[in-house]
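Notes for the one structure printed next.
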Amino acid sequence: MPPADHCRIEMIAREHPPGALELRLAALSMDEAALDLEQFFRRYAPYVARIGHRLLGRDDEVDDLIQDVFLAAHRGIRQIRDPDAVKGWLATVAVRQCRRRLRARRLRALLHLDAADDYYEVADRGASPEHRAMIAGVYRVLDRLPVDQRLAWTLRYVEGERLERVAELCGCSLATAKRRIKAAQDAITAAVNDDKGKLGRRAARSVQEVGNE
């Protein structure tokens, strides 16, 4: 994230108490040099950005997502007692913020206030036309699904999370997570006219590769 974005986040943090700007995580028994907010950003912002890129499918929303997530972190990080739990906790916050953004996007679309995205920019610029079209096609299907189904499927097949972790991140039971994933996969399968769902999963692997670049 560019330095200007760090400044914007610091400004927002000052305007949203409680807590000081620095995230003093002494309770986590972490090295004090790593407790500075800037260090916290540097360590975890790329991870949050990767989640946002995959779940939202739009790079133009990722910077705002990072701000939202770290504002929440600024307020709630003191509740974490295990330093190894910080990354997982940030993922939970990121998924929650993505859900909020996707629901707002759906509402804007219903009101014709949000232009449809072609999603061709999700893939790396060096990707083949077939690769880009495959990814774009899946994201257009995801746009038509209920947000909770979209999140569960993307976490499972794009982010590569275990089913138990998908349920945890989505705040639902394991059975519910499985139902949501299946419903989303069925929709993708029907949309691409592939009775084994190969295209949907192949596209998921492609998005996963893009997110790792």
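For the stretch 108-117, which positions are more than 19 Å from the chain's Cα centre (by Cα) and modelled with pLDDT under 70?
If the condition is that a residue be more than 19 Å from the chain's Cα centre (by Cα) and modelled with pLDDT under 70, then 112, 113, 114, 115, 116 are the ones that fit.
Test each condition in (1) in contact with a Phe, Trp or Tyr (Cβ under 9 Å, 6 or more places away or on another chain); (2) at pLDDT below 65 for residue 58 and report the one that comes out false.
Unmet condition: (2).
Taking the stretch 151-186, which residues are touching a residue at least 24 places away in the same chain (Cβ under 8 Å), over 17 Å from residue 140 (Cα atoms) and part of a helix (DSSP H, G or I)?
Of everything in the stretch 151-186, those that are touching a residue at least 24 places away in the same chain (Cβ under 8 Å), over 17 Å from residue 140 (Cα atoms) and part of a helix (DSSP H, G or I) turn out to be 156, 168, 169, 170, 177, 180.
For residues in the stretch 122-150 being among the β-branched types (Val, Ile, Thr) and assigned to a helix (DSSP H, G or I), which is surrounded by the most Cβ atoms within 10 Å (Cβ to Cβ)? So that I can check it myself, show each step before the final result.
Restricting attention to the stretch 122-150, the residues satisfying the condition of being among the β-branched types (Val, Ile, Thr) are 122, 135, 138, 141, 147.
Among the residues that remain, those that are also assigned to a helix (DSSP H, G or I) are: 135, 138, 141, 147.
Values: 135: 26, 138: 28, 141: 20, 147: 19.
By that ranking, first place goes to 138.
Please work out which one of (1) closer than 23 Å to residue 161 by Cβ; (2) at pLDDT 90 or above; (3) in contact with a helix residue (DSSP H, G or I) (Cβ under 7 Å, 6 or more places away or on another chain) is the condition residue 138 fails and give its number.
Among (1) closer than 23 Å to residue 161 by Cβ; (2) at pLDDT 90 or above; (3) in contact with a helix residue (DSSP H, G or I) (Cβ under 7 Å, 6 or more places away or on another chain), residue 138 violates only (2).
The values are calculated or read from the model by the stated rules, or taken from the named source; none is laboratory data. Model, not experiment: these values are computed from the prediction. Every residue, glycine among them, receives a Cβ derived from its backbone with ideal geometry; neighbour counts consider all protein chains shown.
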